[in-house]
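The values are calculated or read from the model by the stated rules, or taken from the named source; none is laboratory data. Quick caveat, the model's predicted, so the values are computed rather than measured. Cβ placement follows ideal geometry from the backbone for every residue including glycine, while neighbour counts extend to all protein chains displayed. Only protein heavy atoms, including side chains, enter the accessible area calculation; ligands, DNA and RNA are left aside. Shrake-Rupley method; radii C 1.70, N 1.55, O 1.52, S 1.80 Å.
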Amino acid sequence: MENNKFVIDSEIKTTFVTNDIAQNIYQLVTELYPICRSITGNGVRETLKLIQQHIPLSVHEVPTDTQIFDWTVPKEWNIKDAYIKNSQGKKIVDFANSNLHVVSYSIPVHKKVFLTELKAHLSTLPEYPEWIPFRTSYYKEIWGFCLSHKQYSELNDEEYEVFIDSSLEPGHLTYGEYYIPGKSTDEVLISCHVCHPSLCNDNLSGIAIATFIAKHLSQTTPRYSYRFLWIPATLGSITWLALNEAKVNNIKHGLVLTCLGDSGKFTYKKSRRGDTEIDKVVAYVLKNSKQDYEIIDFFPYGYDERQYCSPGFNLAVGCLMRSPHGSFPEYHTSADNLNFVQPQYLAESFWQCSSILHILNNNDIYYNQNPKCEPQLGRRGLYQAYNGHQDSRLNQMAILWVLNLSDGQHTLLDIAERSGMSFEMIKSAADTLLAHNLLTTYIQHFNLNYK
Amino acid sequence: MENNKFVIDSEIKTTFVTNDIAQNIYQLVTELYPICRSITGNGVRETLKLIQQHIPLSVHEVPTDTQIFDWTVPKEWNIKDAYIKNSQGKKIVDFANSNLHVVSYSIPVHKKVFLTELKAHLSTLPEYPEWIPFRTSYYKEIWGFCLSHKQYSELNDEEYEVFIDSSLEPGHLTYGEYYIPGKSTDEVLISCHVCHPSLCNDNLSGIAIATFIAKHLSQTTPRYSYRFLWIPATLGSITWLALNEAKVNNIKHGLVLTCLGDSGKFTYKKSRRGDTEIDKVVAYVLKNSKQDYEIIDFFPYGYDERQYCSPGFNLAVGCLMRSPHGSFPEYHTSADNLNFVQPQYLAESFWQCSSILHILNNNDIYYNQNPKCEPQLGRRGLYQAYNGHQDSRLNQMAILWVLNLSDGQHTLLDIAERSGMSFEMIKSAADTLLAHNLLTTYIQHFNLNYK
Amino acid sequence: MENNKFVIDSEIKTTFVTNDIAQNIYQLVTELYPICRSITGNGVRETLKLIQQHIPLSVHEVPTDTQIFDWTVPKEWNIKDAYIKNSQGKKIVDFANSNLHVVSYSIPVHKKVFLTELKAHLSTLPEYPEWIPFRTSYYKEIWGFCLSHKQYSELNDEEYEVFIDSSLEPGHLTYGEYYIPGKSTDEVLISCHVCHPSLCNDNLSGIAIATFIAKHLSQTTPRYSYRFLWIPATLGSITWLALNEAKVNNIKHGLVLTCLGDSGKFTYKKSRRGDTEIDKVVAYVLKNSKQDYEIIDFFPYGYDERQYCSPGFNLAVGCLMRSPHGSFPEYHTSADNLNFVQPQYLAESFWQCSSILHILNNNDIYYNQNPKCEPQLGRRGLYQAYNGHQDSRLNQMAILWVLNLSDGQHTLLDIAERSGMSFEMIKSAADTLLAHNLLTTYIQHFNLNYK
């Protein structure tokens, strides 16, 4: 599938015309869907293993009780089985049917309880009686079940057998990391969370899109190095930042990917700084995507941008979403399923991300080699008569704009914005001028030797 | 009287619930009303004496001919009596009835004059035939009377006896000053003019409100030190600035108070700099007062903000008013009387000032002690589940905003404005975080030892 | 002719009331119209000779092949005669009728050609069948004729004699320069192009207006020095900049003048920097001219502002026009003739330029000598009672504004803009204050000795 609405490297585009990116992403979501993930445990490991079928990510295991800034790595949680049986011994709630049935991090339990006591351990969604809610209790040791309100309403006043075969023990926090070295050691960070069980939009969509972005960037030598993180939300980013403080300064741009598979319009939450290059690039791509979209200011809630944008780091990391977490009723319920996300929306999100990274990758600053007056374009065959056709005139203007603003203070996107011309036309003019030695790159200009 | 529209220190609020601030302020205006004030003389001394019944202000006497920058302190003017008698010996204009009848700084006179000569010394307001105008002649030695245009029209062509028992002699310029030491030597200046005779809005309203603000701040130990000035307009501020140049740098914020007793909407004239903290605080308070208001740019006319904002000082001093001087017909006439100002408007102005000073007092800058990633709020009991009720969620957001922006570059008001939350909610979150040692103050952060 | 819409030096105004500036400018345009100008050659020399009847400009001759940055000075082109004769020997196209008939820089030719071959050398304007287009071929050695499309359509399929008696040989690039020393060595640059043959708006209008501006400035000692350039477009400015690099830093403000004789509204194209003093002054003058106008952002196309605003110079040079080049159908055709420009529009443009230069000349920064509090205006006779008439009140406010903002950081235009008062009123207040030693100039303030 090719999507002409987006601007992408011809290399990537070619790759994806032959494959079917929409189906590939959806397929990975489908494979990951049944796994019971939490902030620690085997569900994360299984998830990373499936991703490794696409890219050779590294799996990191951080032991329980490791100090990570103000936090410590918690005990590892695993679960094998869980159910509620009624007095006839019939499983009326069964973990095997949906891993949402058990409150994440529930401690093990096996006992008989009457309805009144049971109810204190049950969560439902009265306003959506068919759906099972997703609940967690990471820091308070309890046990609990989630079920549809419809089923809850039909419970009889009888004795029930509750069984949760879980373990909460010293172990590890597991996360995946994949580093693609680029021409520069400056990094782009792509982060997504892997701690949610059978929920598709939040965040199998982000996991799968990050995977395929990584897969295809790995076939190129990008300008920036790329670091992909598949981590449990909050704890994962805190862990990575705490254990990799020395590397943080390399991160120049970043995106948290989440909720990218539903039919909603694109939403970009800006970095805390609000005017960084990634903020400008995403705004440009969304503005030019000819679709409705929304750009919102940073606020200190959400996913791992909270940690990347904490005041001690204040990284240039925004968050790309379609419908923002919390804004759609299916959020954190069993309705965030394989029907709620669709291949076409996943693919659109993939192309949108690709466009963003493409522009970021090409958003260079150049230096006009003849900054005093215009160079003589005519003798280089770069001068189009004014009465040329429309395209030539535009190219001519793009060339003049790039020459005029290539003073080391304007990126190509700055030039595109000021001239009102497209990034591609400005980039193409810059390439032409570079080929004629009328521009140099930052690296050449300062005679740098980076990589 | 308590006014829930305004945000105030609970301490002050309690004090004022038991007293009746509206009546107290109006009572002081009523007591001050009969006194004949001018830029010098006993009227100012009597005024300050009445204020001393509320607060122990210092009375300063600056001798005539003292050099104050480009000016000199003028002769002192006093007046005992004045009248115009008609040919039947009947007092048709009597200073005892209204001190506005005599042009302020009139030289003594006692002679008989015919109507034509008399008229050259009379001022009226033809457009408001019932009202007596207020006129002054501080720098040109003349004598003159003011009267209603109605009375003026009825004057017969006869001989009149004019008598003004005034003195214009070497003496002093008198002003009042009251300093409340705070935790910091940084000062807030509150300035009002005391040079107008029986005129209520301009400026007994400002005088009385400043008095009660001072009275109640004196019962606290505010963050800033406070300096209150009751001075003759123009000359008084020039005198104070000339004689206290060494102290001027301590003044970090200030307000000139005038015309605060009428029914008009609040008007704030910004400082010359226009974007100082006092400008922001007043704008915030007015915006949140749920009343119509207006904020106007600085212009070099008006009251003592002209001097405080002269380019050599350029202090962060604005001017708080209801109807601005010159904008209402009663301005500088006998109609600016005890009916024109009303207790409820005076009290509203008092609460508005209190709110401004309350926010200024609390508008601290804090330092997040765990700036790298969020601190673990849960183990400190500061984490509210997302499915908590509305208030908890807001508190949670306030806590996250304060942590995120407490980087030493944002005041609490900055955080309130950026988050869209109320100052009180942000302040309360900061207090909570401070109590848990998650924030420190500026003083602690830099290990300062101020006071 | 005097035009009260514009603000000008009374000295200049007086001069022009006695002369008739509109007729003078139009007369010069009329004299220059028949000359066949190009980027080099005798046409430019004749043009400069006619201008020398008004001002003693210097004529510079720069030899062919001189290196000027990335360019070289081209061969000099001259032409004596040219025609196309039909098979009956009748001149159907004759250079003597219009110098637009020959493509500028045509190489010499004399031969017989059939219609098909001839047509490859003909240019017309099908959309304006009566007009002859203006065409050039400076860098590709060709020959060609231009004619009306009407005449072209009537050409018969016969043999024609084509004759161009031109020469393209080593010679010189010629330009005119006129320097008026001012009180400061800081310069204002006024630049116009002289490379167009019989075209009036583009750019005999600019040439003639620059000439009369120079003529009348030469009778004064302006604050700034003035440099006027009459140059071939592009090559001329590149030549001047290349040969005078050491002087470029003196240029503080500048205007390119072109297309100033038609009936269109004024258009100002801002400098590349966009917020320079010349940009502000022109915006002020246009805003106050009570006529429709347009201000457009810089773009790297147009006339010599392209070179002055190239990134290596980035001078504060804008471009003043009425209808912008390229925006009117008569542009670069025989219809840009002596009817298209009119004396009244030329005169309006002259006054507009004069106003701009007048304000620039007077847009000083002053220093209040009594910056701490207001000076006592009364004892200097500068205080108007508040109940004075409207004009006095405005003067009073102008005086207070100038005092308040004369802190060395505000020009008089800044003060006019902030106060909302006219530049003239602010300037007049500054003059009054200067006369009373309440202000000093920048030069006095820093005890500079410039000139």
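Some notes on this structure:
- For the residues B:Ile92, B:Ile55, B:Ile51, B:Ile68, the requirement of being among the aliphatic types (A, V, I, L, M) and within 14 Å of chain C (Cβ to nearest Cβ) singles out B:Ile68.
- When A:Cys319 is tested against (1) within 14 Å of another protein chain (Cβ to nearest Cβ); (2) closer than 22 Å to A:His216 by Cα, exactly one condition is not met: (1).
- Taking the conditions (1) hydroxyl-bearing (Ser, Thr, Tyr); (2) open to solvent by less than 30 Å² (accessible area, probe 1.4 Å); (3) in contact with a strand residue (DSSP E or B) (Cβ under 7 Å, 6 or more places away or on another chain) in turn, C:Tyr128 satisfies each one other than (2).
- Within segment C:360-381, the residues that satisfy the criterion of being within 7 Å of chain B (Cβ to nearest Cβ) and surrounded by 17 or more Cβ atoms within 10 Å (Cβ to Cβ) are C:Asn368, C:Asn370, C:Pro371, C:Lys372, C:Cys373, C:Glu374, C:Pro375, C:Gln376.
- Pick from segment B:27-44, criterion in a helix (DSSP H, G or I) and of a type outside the set (A, V, I, L, M), ranking: most open to solvent (accessible area, probe 1.4 Å): B:Gln27
- Here B:Asp165 does not qualify as at pLDDT 95 or above, charged (D, E, K, R) and not in a strand (DSSP E or B).
- Any hit, segment A:76-96, residues being polar (S, T, N, Q) and touching a His at 6+ places or on another chain (Cβ under 9 Å): no
- Some residue of segment A:323-336 being within 16 Å of the chain's Cα centre (by Cα) and open to solvent by less than 10 Å² (accessible area, probe 1.4 Å): no
- Test: C:Asn244 is over 21 Å from C:Glu61 (Cα atoms), surrounded by fewer than 23 Cβ atoms within 10 Å (Cβ to Cβ) and within 14 Å of another protein chain (Cβ to nearest Cβ): no
- Test for A:Tyr303: is it under 16 Å from the mean Cα position of the chain (by Cα) and open to solvent by 10 Å² or more (accessible area, probe 1.4 Å): yes
- Residue selected from segment B:415-430 under the condition within 31 Å of the chain's Cα centre (by Cα) and either free of Cβ contacts under 8 Å to residues at least 60 places away in the same chain or within 11 Å of chain A (Cβ to nearest Cβ) (or both), by the criterion nearest to A:Gly274 (Cα to Cα): B:Arg418
- Residues in segment C:70-121 that are closer than 16 Å to C:Tyr139 by Cα and in contact with a helix residue (DSSP H, G or I) (Cβ under 6 Å, 6 or more places away or on another chain): C:Trp71, C:Asn78.
- Among (1) hydrophobic (A, V, I, L, M, F, W, C); (2) open to solvent by less than 10 Å² (accessible area, probe 1.4 Å); (3) away from every other protein chain (no Cβ under 14 Å) - the single one B:Leu155 does not satisfy: (2)
- Scanning segment A:210-225 for residues that are hydroxyl-bearing (Ser, Thr, Tyr) and either surrounded by fewer than 24 Cβ atoms within 10 Å (Cβ to Cβ) or within 14 Å of chain B (Cβ to nearest Cβ) (or both) yields A:Ser218, A:Thr220, A:Thr221, A:Tyr224, A:Ser225.
- For segment A:26-54, filtering for residues that are charged (D, E, K, R) and either over 23 Å from A:Leu235 (Cα atoms) or touching a Gly at 6+ places or on another chain (Cβ under 7 Å) (or both) leaves 2.
- Single residue of C:Gly182, C:Gly171 found to be closer than 21 Å to C:Ile213 by Cα, under 29 Å from the mean Cα position of the chain (by Cα) and of a type outside the set (Val, Ile, Thr): C:Gly182
- Of the residues contained in segment A:256-276, one or more are found to be away from chain B (no Cβ under 13 Å), open to solvent by less than 10 Å² (accessible area, probe 1.4 Å), on the phi > 0 side of the Ramachandran plot and touching a residue at least 60 places away in the same chain (Cβ under 8 Å).
- Sole residue being open to solvent by less than 10 Å² (accessible area, probe 1.4 Å) and part of a helix (DSSP H, G or I), chosen from A:Ile207, A:Ile190: A:Ile207
- No other residue among B:Phe134, B:Phe145 is hydrophobic (A, V, I, L, M, F, W, C), open to solvent by less than 60 Å² (accessible area, probe 1.4 Å) and more than 30 Å from B:Thr211 (Cα to Cα) apart from B:Phe145.
- Annotation note: Cβ proximity below 7 Å between a residue of segment B:119-141 that is part of a strand (DSSP E or B) and a residue that is open to solvent by 60 Å² or more (accessible area, probe 1.4 Å) and at pLDDT 95 or above (sequence gap 6+ or interchain) occurs for B:Ser123/B:Arg135.
- Applying the condition of being more than 14 Å from chain A (Cβ to nearest Cβ) and within 24 Å of C:Ile231 (Cα to Cα) to segment C:277-298 and asking which residue is surrounded by the most Cβ atoms within 10 Å (Cβ to Cβ) yields C:Val282.
- In the set (1) at pLDDT 95 or above; (2) open to solvent by less than 70 Å² (accessible area, probe 1.4 Å), A:Glu417 fails one condition alone, (2).
- Test result for B:Leu115, under 30 Å from B:Ile21 (Cα atoms) and open to solvent by less than 20 Å² (accessible area, probe 1.4 Å): no
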